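Peer 1: Mind looking over this structure? Questions follow.
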């Protein structure tokens, strides 16, 4: 067909979106989110015309407009032995803009700046206290975002979108409707970051973001039905059904039950009794800091008997607390994330064994390669989804 017919301004947007999507999809896979960029792939005008099924003049006009907008690159032509000029080649500009992914945990703010295919260019982490009140925590997030932006090689390119993954339950406006952190309930994160980001800000629960990251570049790549178990200084679950993350009526889908949450918290406190003794230059293990909790799971992975037994007992208690959720969603894969992932198969084994008897169809159990970073990376993916929905004119809802 010779392009779409109708209102000219709408047609230009639709045609531009179609060409952009084809060239974006032509990127050769890399390890997005890890800092390694996908390899640039290019297409000729003839190849683009065939892919979008528009007329060649339409494609030429669209490509020239996208070049002027800075969304495409014209790459060096491929050397040819035939006579005549080599065909022009075009590629999607991954650095035409950037996104922010922010993890708001009880004891830190982690900000990632990534390009338009998710390659991380800057990572900034700032410590906060679990006792920090709402306004002070919001100020810390704003400061961390500003510092990450200042340290990023974005030049004059814009921030096109951002997503914040926070502990607690949030509504669709970006407001925290329930949280255990002091003064955090009622805070509208999207509004609080609007001026410092300068682009649309999506806000999501941290465990939901972790599940999204695992499906994107983690232990559940290409799995549409996923359960995510995260444990460390924060605990929770997230899940995907048919590739989407259901929110539920109040945005609380996937939360611990009251009984399950108490059981998991009691098991975690018991776990702290087995923390390795701190060395002279290490934080006191009794403080339950991120480093000390991680040290226990690392000790378990090394095979130290006490740490190994404590980690296995905790993992078994944790999966019992959420077995109802896992049975209900019938996942293909259960991902073990957070600091708990540092113990590897030591904790995956009791979870796997329990689910083998609890589930009609036992899922496979995998250990996250990202640990705590999965939440910030999930926020990057959410931000990219929002930006791509605008660029490609899709109606995208998680």
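The values are calculated or read from the model by the stated rules, or taken from the named source; none is laboratory data. Keep in mind the model is a prediction, meaning the values are calculated, not measured. FYI the Cβ positions are ideal-geometry reconstructions off the backbone, even for glycines, and counts take in every protein chain you see.
Peer 1: Can you confirm whether residue 109 is part of a strand (DSSP E or B), under 23 Å from residue 185 (Cβ atoms) and in contact (Cβ under 8 Å) with a residue 60 or more places away in the chain? Outline the logic, then answer.
Peer 2: Working: part of a strand (DSSP E or B): yes; under 23 Å from residue 185 (Cβ atoms): yes; in contact (Cβ under 8 Å) with a residue 60 or more places away in the chain: no.
So residue 109 does not fit the description; no.
Peer 1: On to the next question. List pairs: first residue in segment 241-256 and free of Cβ contacts under 8 Å to residues at least 24 places away in the same chain, second residue in a strand (DSSP E or B) anywhere in the structure, Cβ distance under 8 angstrom, at least six positions apart or on different chains.
Peer 2: Taking only residues 6 or more apart or on different chains, the pairs are 246/239; 253/239.
Peer 1: In segment 181-191, which residue that is touching a strand residue (DSSP E or B) at 6+ places or on another chain (Cβ under 9 Å) and without any contact (Cβ under 8 Å) to a residue 60 or more places away in the chain is nearest to residue 107 (Cα to Cα)?
Peer 2: So the residue we want is 184.
Peer 1: With (1) surrounded by fewer than 17 Cβ atoms within 10 Å (Cβ to Cβ); (2) in contact with a strand residue (DSSP E or B) (Cβ under 9 Å, 6 or more places away or on another chain); (3) not in a strand (DSSP E or B) as the list, and residue 129 as the residue in question, which single condition is left unmet?
Peer 2: If we test residue 129 against (1) surrounded by fewer than 17 Cβ atoms within 10 Å (Cβ to Cβ); (2) in contact with a strand residue (DSSP E or B) (Cβ under 9 Å, 6 or more places away or on another chain); (3) not in a strand (DSSP E or B), just (2) comes out false.
Peer 1: Right, here's the next one. Being closer than 14 Å to residue 92 by Cα and not in a loop (DSSP other than H, G, I, E, B) is the filter here; which residues of segment 52-79 pass it?
Peer 2: Passing the criteria: 62, 63, 64, 65, 66, 67, 68, 69, 72, 73, 74, 75.
Peer 1: Pick from 209, 253, 285: which is modelled with pLDDT under 95 and within 23 Å of residue 108 (Cα to Cα)?
Peer 2: Working: 209 fails: modelled with pLDDT under 95; 253 fails: within 23 Å of residue 108 (Cα to Cα).
That would be 285, the only listed residue that is modelled with pLDDT under 95 and within 23 Å of residue 108 (Cα to Cα).
Peer 1: Output the residue which, of all residues in segment 199-222 that are assigned to a loop (DSSP other than H, G, I, E, B) and in contact with a strand residue (DSSP E or B) (Cβ under 6 Å, 6 or more places away or on another chain), is nearest to residue 270 (Cα to Cα).
Peer 2: Across segment 199-222, the extreme among qualifying residues is 219.
Peer 1: Has segment 223-237 got at least one residue that is surrounded by fewer than 24 Cβ atoms within 10 Å (Cβ to Cβ), in the same structural domain as residue 150 (by TED's automatic domain parsing) and not in a strand (DSSP E or B)?
Peer 2: no
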